[in-house]
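Here is the structure we will look at, set down as structure tokens.
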Amino acid sequence: KGEHIGIVGVTGSGKSTFVDLILGIINPTDGDIYCDDCSIFNNLYNWRKSIGYVSQIPYLLDASIMENVAIGVSEEKISTKKVIKSLEIANIKNLILDLKEGLKTSIGERGAQLSGGQIQRLAIARALYKDPKILILDEATASVDSETQKNIVKDLNKFKKDITLVSISHDKDALVYCDKIYELKNSQLILRD
């Protein structure tokens with residue numbers, strides 16, 4: 001907890017499989033996965049609830065910003081305060097609140113009204129809305145320019161004291177703020193200097 005862990009590897013090295021294992025989507029063929037000395041498979045439901053996940057190409061609803069951040073929560077149960085806090089951590093709050101309709105702004109199909117960086121930040125805000133203990137960024141900044149990528153990771157790093165942040169990328173620049181970086185090579189995680 002409180003660390004930013006980077007996982008780097010070339011295409012085909014097993015990064016996606018590694019994420020699927022961490023998320024409990026697939027079972028290991030050998031061994032087990034432990035968190036705090038307990039197998040994640042003992043209570044997979046609670047394990048998954050503790051994880052926020054942001055993929056390279058997030059799915060967005062043709063709905064309001066508020067509905068996209070609090071996806072799966074009925075409208076009357078959405079916490080506006082929590083949505084705003086999530087947008088703030090993802091460093092997109094001011095931009096959203098400056099829009100004519102603010103949180104009620106419709107983003108269009110697949111986020112057509114937003115830029116690539118804004119879509120990624122909205123996806124991060126969505127993951128943060130769940131109050132995750134672990135936030136996994138799976139190539140989450142690969143589709144944005146390098147400056148936006150650095151800003152997103154730098155902003156998230158400010159809040160890592162409350163969570164474990166895991167960034168998975170083939171791009172070493174996305175991992176500049178990591179406390180530790182592991183390379184996935186030949187099916188092994190190797191701690192890099």
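For the stretch 48-68, taking the residues that are out of contact with any strand residue (DSSP E or B) (no Cβ under 7 Å at 6 or more places or on another chain), open to solvent by less than 60 Å² (accessible area, probe 1.4 Å) and not in a loop (DSSP other than H, G, I, E, B), the one that is modelled with the highest pLDDT is identified as M66.
Residues in the stretch 6-20 that are under 20 Å from P132 (Cβ atoms), touching a residue at least 60 places away in the same chain (Cβ under 8 Å) and open to solvent by 30 Å² or more (accessible area, probe 1.4 Å): S16, F18. If you take the residues in the stretch 131-155 that are within 23 Å of I40 (Cβ to Cβ) and within 11 Å of the chain's Cα centre (by Cα), which one is modelled with the lowest pLDDT? Per the stated criteria, the residue is A140. Scanning the stretch 69-101 for residues that are assigned to a loop (DSSP other than H, G, I, E, B), of a type in the set (V, I, T) and within 19 Å of K49 (Cβ to Cβ) yields I71, V73, I78. Quick one: which strands (runs of 3 or more DSSP E) sit completely within the stretch 102-193 and have at least 1 residues that are open to solvent by 40 Å² or more (accessible area, probe 1.4 Å)? Output list reads 180-185, 188-191. Against the numbered list (1) in a helix (DSSP H, G or I); (2) in contact with a Pro (Cβ under 8 Å, 6 or more places away or on another chain); (3) not basic (K, R), N42 comes up short only at (2). Name the residues in the stretch 86-101 that are within 26 Å of H4 (Cβ to Cβ), open to solvent by 20 Å² or more (accessible area, probe 1.4 Å) and out of contact with any Ser or Thr (no Cβ under 9 Å at 6 or more places or on another chain), would you? E88, I89, N91, N94, L95 - these are the residues of the stretch 86-101 that are within 26 Å of H4 (Cβ to Cβ), open to solvent by 20 Å² or more (accessible area, probe 1.4 Å) and out of contact with any Ser or Thr (no Cβ under 9 Å at 6 or more places or on another chain).
The values are calculated or read from the model by the stated rules, or taken from the named source; none is laboratory data. In this text, all values refer to a predicted model and were calculated from it rather than measured experimentally. Positions of Cβ are backbone-derived with ideal geometry, glycine not excepted, and every protein chain shown enters the neighbour counts. Heads up: the accessible areas ignore ligands, DNA and RNA and are worked out on the full protein's heavy atoms, side chains in. Shrake-Rupley method; radii C 1.70, N 1.55, O 1.52, S 1.80 Å.
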